[in-house]
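Reading through the structure tokens given below for one structure.
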Amino acid sequence: MTFSGRWLRLWLSVISLLTLAACASRAPVAQAPDTLFWSGRLALNIASSPPQSISAGFELKSGPQGGELQLLSPLGSSLAKLQWTAAQARLEQGGQVWQDASLDALMVRLTGTALPVAALIDWLQARPTPVEGWNADLSQIDQGKLWIRSTSTSAAPELPQVNLRLILEL
């Protein structure tokens, strides 16, 4: 085999491994009976200047003591992890850690907007929880699809339009 043939075989092996890793599914994690868990893909678009866009896999856990949101790359590595309790929130991203008493403040740091996390958890359970400034389309939640968008309010007319689409693994 020639030198270039070895390189070709090596590259084909690397591409095959990356393809398999991208298609692999993670084993389900055992959860406490009162802990809720969702996973899937999300796309977040914020019509700010400049526009912001996040597309990632996600895992969301919620329980009586708090919750955790993890954003994942296509290969399954962690892009960011947000954990919270009633008293404190913690964000790990890019080797840095931030802590705050406010989950909203760290959600803004992570995504660029204060997504209503408590309502999101209700919406994922098909509960039509009203939140001023937000509209959730629950019409396809039984098919694993949820679309959330911000609406302008008199209290915050200057906030940019936010669209969040979730596709759940069922």
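What the table shows:
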{"quantity": "Pick from the stretch 117-149, criterion under 16 Å from GLY63 (Cα atoms), in contact (Cβ under 8 Å) with a residue 12 or more places away in the chain and not aromatic (Phe, Trp, Tyr), ranking: surrounded by the most Cβ atoms within 10 Å (Cβ to Cβ)", "calculated": "LEU120"}
{"quantity": "Filter result for LEU106 (within 18 Å of the chain's Cα centre (by Cα), surrounded by 16 or more Cβ atoms within 10 Å (Cβ to Cβ) and closer than 20 Å to SER48 by Cβ)", "calculated": "yes"}
{"quantity": "SER55 within 20 Å of LEU124 (Cβ to Cβ), polar (S, T, N, Q), within 16 Å of the chain's Cα centre (by Cα) and surrounded by fewer than 16 Cβ atoms within 10 Å (Cβ to Cβ)", "calculated": "yes"}
{"quantity": "Hits in the stretch 55-114 (condition: in contact with a Ser or Thr (Cβ under 8 Å, 6 or more places away or on another chain), on the phi > 0 side of the Ramachandran plot and either free of Cβ contacts under 8 Å to residues at least 40 places away in the same chain or assigned to a strand (DSSP E or B) (or both))", "calculated": "GLY66"}
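Readers should treat all values here as calculations from the given coordinates under stated rules, not as data from a laboratory. Not measured: the values here are computed from a predicted model. All Cβ positions, even for glycine, are placed from backbone atoms using ideal geometry, and neighbour counts span all protein chains on display.
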